[in-house]
Each structure stands twice: as C-alpha cells, then as structure tokens.
1. Using label points projected 7 Å from each Cα along Cα→Cβ, tell me how many nm separate I114 and L90, to one decimal.
2. Just to verify a number: FRET efficiency for F43 and T74, C-beta to C-beta distance, R0 = 25 Å, to 0.05?
3. Pulled fully out, how much extra length does the chain show between L99 and I50, if you take 0.36 nm times their separation in residues and subtract their Cα-Cα distance?
4. Can you figure out the FRET efficiency of E107 with L82, using R₀ = 30 Å and their beta-carbon distance, to the nearest 0.05?
5. What is the calculated FRET efficiency for S153 to T36, with r their C-beta to C-beta distance and R₀ = 30 Å, to the nearest 0.05?
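No value in this document is a laboratory result; all are computed from the given coordinates. Since the structure is predicted, the reported quantities are computational estimates derived from the model, not experimental observations. FYI the Cβ positions are ideal-geometry reconstructions off the backbone, even for glycines, and counts take in every protein chain you see.
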Amino acid sequence: MLLKMPQKLLKTAHYIELGSYQHWPVLIPQRIRLYTYEQIPLFLKENPYITDGYRAHLPSKLCLRSIFILSNETVNIWSHLLGFLLFFSLGVNDLSSVLPASGANREDYVIYAIGLFCFQVCMLCSVGYHLFSCHRSEKTCRRWLSLDYAGISCWHPGLLCTWDLLCFLL
C-alpha cells in the first residue's frame, strides 16, 4: 500500500504508532500528531477507556485541518456535521414545499422553525467542541465545552417549548 502513495505525500507526512496498534500506522498531515491517553494533558483526560487516537496541543488552524484525519473524534465531528447539513436541507425543503402543500398556518411555521433552529444550534456547537477540543489552550477547550453544553441546553428546551406550543394549539 505504501508503494502506491505519491512521493510528495510521503515527504509531507509522517507515521506514528498508536498504542497497541503497531501493525497499523496512521498517516497524518505534518505537525498533527495523535497521542495515547497517557500522553495527553490532564484536562483532556475524560475517558480512560479510549486509549489512543487523541489530538492535542494544536493551534486553531491545525484544529480545523484535523477534521480530515482519523482520530478518536472523527465520528463525533462528522456525524454532527453531516447531521446538521442533512437536517438543514430537509428543513429548508419542509419550510418551502411540505408545509405550504399541507396548508400549514403561521403557528405551524413558527413551531417547526423553533425546533429546527434549536437542533441546528446544538449540532453546530457540538461540531465546534469536538473539533477544537484538541486546542493547545485549556481555556479555549473549556469555552468550547461550555458552548457545547449551551447548544444541548438550547435543543432540549426548544423541543419542550415546541411540544408545549403544539399541545396548546391542539
């Protein structure tokens, strides 16, 4: 597999060994390294059962570039980002064609828009947290974690508020 990779790519990247996966080296961009649980800063040590694949000590620019590497946050980042994009497109479709075709009134649009907006805020805050949780500054990591919690808090009351409005109108 290494023989098929372009020489330019091999020169601009390096391999590291991940924990017990010595037979499975991970090719990552230059200046982005993956760490084991023992190697990461104390403020990133949340789950001792995730033993490797940690991104850490990165400036903001490299945090953004790390979206394209395989790490222990890859599924979190991409599932929330693709969920945001999917539900945004479905929401635009519903607001522009489904609700008008069903004869929805203004209250229906408001209820739908509130729920959709709260869900979108939650997804984007989560993407931001999982993307920037590897920042070199503990203060920045904590701010993104707070924003993630704020997004979750926005989504749940948004659902409750939407449900209460719906029950009131019915």
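1. Going from the I114 label point to the L90 one covers 2.1 nm.
2. E(calc), rounded to 0.05, equals 0.75.
3. Full extension from L99 to I50 adds 13.2 nm.
4. 0.45
5. Taking R0 as 30 Å, the efficiency between S153 and T36 is 0.35.
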